[in-house]
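The block underneath contains the structure these notes are about, expressed in structure tokens.
Each reported figure results from applying straightforward, stated rules to the coordinates on display, with no laboratory input. Keep in mind the model is a prediction, meaning the values are calculated, not measured. Quick reminder, even Gly has a Cβ in these numbers, built from the backbone with ideal geometry, and neighbours come from all protein chains shown.
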Amino acid sequence: EAGVTQSPTHLIKTRGQQATLRCSPISGHTSVYWYQQALGLGLQFLLWYDEGEERNRGNFPPRFSGRQFPNYSSELNVNALELEDSALYLCASSLGTSGGLHSYEQYFGPGTRLTVT
Amino acid sequence: KNEVEQSPQNLTAQEGEFITINCSYSVGISALHWLQQHPGGGIVSLFMLSSGKKKHGRLIATINIQEKHSSLHITASHPRDSAVYICAVRGGDMRFGAGTRLTVKP
């Protein structure tokens, strides 16, 4: 069974541009989570989507946005890129919000490394 | 003060040693995760706990909900265990500890 996939692996953008990152969850998973891991900093929660809806959002400005498609894949968009947006962006998926605690167990993708110059 | 505190920040051990990494949190949670991150960034979820203890191979995770504390133990440590171990708690969203960098020397 395929794991969580993310594309692209690496992305280089210039300050002010927009970046689009993509995530495909494990088949059968309806929840997708996005996290940012900036160099030297810990993981920070960005967004959580489930069944096409945004369920929760971390403490990030509105230029970080995303969506979840009917096939449960997800896109993270970062507008007006700033140098400090350079980070590893990780996507994780889980079964969803029904079915007990095990449905929240998250499986992580390999990440997209975004570099803003 | 961070809502999720891990200790130690760095840990160096000799192969075969018993390892303990601690995590304390200050928020209400529905579950606690232990994650392993290897160089290059890949993250693997080791455990998800809401109570008690779980064991998987040489890894053991415990949680004390009343004391808001969890520990990750590695028995008979091996150089391939070298990684960053991250504690994460799930309340309304996920909050992460800063990680413990473990190096196991042969």
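Report, by residue number, each residue of region A:69-80 that is under 27 Å from A:Thr14 (Cα atoms), out of contact with any helix residue (DSSP H, G or I) (no Cβ under 7 Å at 6 or more places or on another chain) and buried (at least 20 other Cβ atoms within 10 Å of the Cβ).
A:Ser74, A:Leu76
Condition test on A:Glu82, is it more than 13 Å from chain B (Cβ to nearest Cβ), in contact with a Cys (Cβ under 9 Å, 6 or more places away or on another chain) and either in contact (Cβ under 8 Å) with a residue 40 or more places away in the chain or within 25 Å of B:Glu5 (Cα to Cα) (or both)?
So A:Glu82 fails the test.
Just the residues that are closer than 22 Å to A:Glu105 by Cα and either in a loop (DSSP other than H, G, I, E, B) or without any contact (Cβ under 8 Å) to a residue 24 or more places away in the chain (or both), please, taken from region B:6-43.
Within region B:6-43, B:Ser26, B:Val27, B:Gly28, B:Ile29, B:Ser30, B:His38, B:Gly41, B:Gly42 meet the criteria.
From the residues in region A:56-75 that are among the basic types (Lys, Arg) and in a strand (DSSP E or B), which one is farthest from the other protein chains (Cβ to nearest Cβ)?
Step by step, filter region A:56-75, then rank; the result is A:Arg67.
For region B:49-75, what are the residues that are part of a loop (DSSP other than H, G, I, E, B) and within 14 Å of B:Gly16 (Cβ to Cβ)?
The answer is B:Arg58, B:Thr75.
Only one of (1) charged (D, E, K, R); (2) in contact (Cβ under 8 Å) with a residue 12 or more places away in the chain; (3) surrounded by 15 or more Cβ atoms within 10 Å (Cβ to Cβ) is not met by B:Glu3, so which one is it?
Result: B:Glu3 passes all but (3).
Hey, any hits in region A:45-55 for a residue that's surrounded by 15 or more Cβ atoms within 10 Å (Cβ to Cβ), within 13 Å of the chain's Cα centre (by Cα) and in a loop (DSSP other than H, G, I, E, B)?
no
Pull up region B:76-101, narrow it to residues that are among the hydrophobic types (A, V, I, L, M, F, W, C) and in a loop (DSSP other than H, G, I, E, B), then point me to the one that is farthest from A:Phe108 (Cα to Cα).
Per the stated criteria, the residue is B:Ala76.
In region B:62-92, which residue that is aliphatic (A, V, I, L, M) and surrounded by fewer than 17 Cβ atoms within 10 Å (Cβ to Cβ) is farthest from the other protein chains (Cβ to nearest Cβ)?
Going through the qualifying residues, I end up with B:Ala76.
Please go through region A:12-31 and give me each residue that is part of a strand (DSSP E or B), among the aliphatic types (A, V, I, L, M) and crowded, with 17+ Cβ neighbours inside 10 Å, ordered by number.
A:Ala19, A:Leu21 - these are the residues of region A:12-31 that are part of a strand (DSSP E or B), among the aliphatic types (A, V, I, L, M) and crowded, with 17+ Cβ neighbours inside 10 Å.
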